[in-house]
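The values are calculated or read from the model by the stated rules, or taken from the named source; none is laboratory data. If you're wondering where the values come from, they're calculated on a predicted model, not measured in any experiment. Don't worry about glycine lacking a Cβ; one is built from the backbone with ideal geometry, like all the others, and counts go over all protein chains shown. With ligands, DNA and RNA removed, areas are computed over all heavy atoms of the protein, side chains included. Shrake-Rupley method; radii C 1.70, N 1.55, O 1.52, S 1.80 Å.
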Amino acid sequence: MGTVKISKGNSKLGAIPSVSLPSIKTCRNCACQEKCYAQKLERLRPAVRNAYQHNLEVWLKDPETYWREVEASIMMSRFFRFHVSGDIPSFKYLVNMVAIAKRQPHCEILCFTKKYNLVNEFIEQGGELPSNLHMIFSGWVGLEMANPFSLPEAHVRYRDGSTTAREDAIECSGNCTECALTEGGCWNLQKGQQVIFNEH
């Protein structure tokens, strides 16, 4: 199958490595798909689309290799992001993410998800998210967010100025590396806190 395609960063993330999966295919049904920037990127850049599809196939056909290579990258990193594109595809995948975060406590790991049910089920079953795994529930207008454990939330400020965020939501600076290095923003959201970013 070959190796997992791990991005060394991009203009928004800076030099933060990440692993991504195809948009839509691994996501829950949501109106955000009509405006999905990840899907747009996959359409415009076939190499990106192929890399994300390749990662999905490695995970499906050879999960041991997938997780070994993802963990090797995390082992060498101070910060890591799951899924710039795509979402947590299964409960077992989430369990592996948690296990790696526990084994690599030196690395701060960020993951935005709309798969609220997977994370809630994990916690309901007695699972614990380690403090270095920053699991942030991602909101979208019209999508009901079940968040009984008050995990941090990310909300969009739409182009018309409307938002589902509270008034006390923290403003996204637009630079993940800067936030990570200054211990701010998403990397430092506490239970019950929200971050707001402009639609992109």
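Of all residues in the stretch 185-200, exactly one satisfies the criterion of being modelled with pLDDT under 85, open to solvent by 40 Å² or more (accessible area, probe 1.4 Å) and in a loop (DSSP other than H, G, I, E, B), namely His200.
Every residue, every condition in (1) at pLDDT 85 or above; (2) part of a helix (DSSP H, G or I); (3) open to solvent by 60 Å² or more (accessible area, probe 1.4 Å); (4) in contact with a Cys (Cβ under 7 Å, 6 or more places away or on another chain), yes or no:
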| residue | (1), (2), (3), (4) |
| --- | --- |
| Val141 | no, no, yes, no |
| Leu151 | yes, no, no, no |
| Val156 | no, no, no, no |
| Arg159 | no, no, yes, no |
| Glu167 | yes, no, yes, no |
| Thr177 | no, yes, no, no |
| Glu183 | no, no, yes, no |
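Results for (1) open to solvent by 20 Å² or more (accessible area, probe 1.4 Å); (2) in contact (Cβ under 8 Å) with a residue 24 or more places away in the chain; (3) part of a loop (DSSP other than H, G, I, E, B), shown as yes or no for each residue.
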| position | (1), (2), (3) |
| --- | --- |
| Ala72 | yes, no, no |
| Phe80 | no, yes, no |
| Lys92 | yes, no, no |
| Phe112 | yes, yes, no |
| Val119 | no, yes, no |
| Gly126 | yes, no, yes |
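Within the stretch 1-19, residues that are modelled with pLDDT of 90 or more reach partners that are open to solvent by 80 Å² or more (accessible area, probe 1.4 Å) with beta carbons closer than 9 Å, at six or more positions or on different chains, in the pairs Val4/Arg68; Lys5/Asn50; Pro17/Lys8; Pro17/Met76; Ser18/Lys8; Val19/Lys5. Annotation: Glu64 fulfils all but one of (1) surrounded by 14 or more Cβ atoms within 10 Å (Cβ to Cβ); (2) modelled with pLDDT of 90 or more; the unmet one is (1).
Return yes or no: is Ala47 open to solvent by 40 Å² or more (accessible area, probe 1.4 Å), more than 21 Å from Glu153 (Cβ to Cβ), out of contact with any His (no Cβ under 8 Å at 6 or more places or on another chain) and part of a helix (DSSP H, G or I)?
On the way: open to solvent by 40 Å² or more (accessible area, probe 1.4 Å): yes; more than 21 Å from Glu153 (Cβ to Cβ): yes; out of contact with any His (no Cβ under 8 Å at 6 or more places or on another chain): yes; part of a helix (DSSP H, G or I): yes.
Criteria met by Ala47.
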